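K.L.:
After the structure tokens below, expect a handful of questions from me.
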Amino acid sequence: MTYTHLVSQRDGAVERLTLNRPDVRNAFNEHVIAELTAWAAEARAAAARHDIRAIVIAGAGKVFCAGADVTWMSKTVHFTEEENLRDATAMSRMFAAINELPVAVVGRVQGAALGGGAGLAAVCDIVVAEEAALFGFTETKLGILPAVISPPHARRRSASSTRSCRLWSSMPPSIGTSPSCSPRDRKRSPPRRR
């Protein structure tokens, strides 16, 4: 299948998927969500045939995924409750489709994984992040609950740290999606609440 916003390459038994919207920091819109869902169905079929054994998800450019596309979000302000529910359900199904893939899914995170990008990282089995990578539920700054992306994150984290993360607009490395790797990171304590 040909995609507009994704680049899919096969390297032996490894599928490499790149979110390819660097001009908007690989942000989600209804088209990206539909493409990722369709791609996940194809990846599931390829895994059933034993064509792939692992998947690496990355983002083109400097950022892994900035969450929801601002242009798309501005359109949703005028949506009916039914239309908003349709979009939220589509995104939830996309996360579930990736989360349920029967092969190892590795997230390669550079720059930032914000909002839905943090949700995408959370459905990966393994996250490899550059040391300066940021993870966050930045929609909380706008008064929006991260309802669609919280379930994948909650499955990845303990219940208590998930509740704490929802209260902050960004997740410090000590409780973020990616485990700390360097000795310096392990010595950090969580930031004080303001």
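We did not get these values from a lab; they are worked out from the coordinates using the rules stated. Quick caveat, the model's predicted, so the values are computed rather than measured. Positions of Cβ are backbone-derived with ideal geometry, glycine not excepted, and every protein chain shown enters the neighbour counts.
K.L.:
Between segment 68-111 and segment 1-53, what is the separation of their alpha carbon centroids in Å?
P.N.:
What the calculation gives is 14 Å, centre to centre.
K.L.:
Taking the Cα centre of segment 1-140 as origin, work out the dipole magnitude from +1 charges on Lys and Arg Cβ and -1 charges on Asp and Glu Cβ, in debye rounded to 20.
P.N.:
On the way: 12 positive and 17 negative charges, 73 e Å.
The calculated dipole for segment 1-140 is roughly 360 debye.
K.L.:
Further question: Sort 93-103, 3-13, 27-37 for me by packing, meaning the mean count of neighbouring Cβ atoms within 10 Å per residue, highest on top. Write out the running numbers ahead of the final one.
P.N.:
Working: 93-103: 18.3, 3-13: 13.5, 27-37: 20.5.
Answer by packing, highest mean first, reads 27-37, 93-103, 3-13.
K.L.:
For segment 23-136, rounded, prolate or oblate, judged on the Cα gyration tensor with a ≥ b ≥ c (square roots of eigenvalues), a/c < 1.5 rounded, else prolate if a/b > b/c?
P.N.:
Values: a/c = 2.29, a/b = 1.23, b/c = 1.87.
Here segment 23-136 falls in the oblate category.
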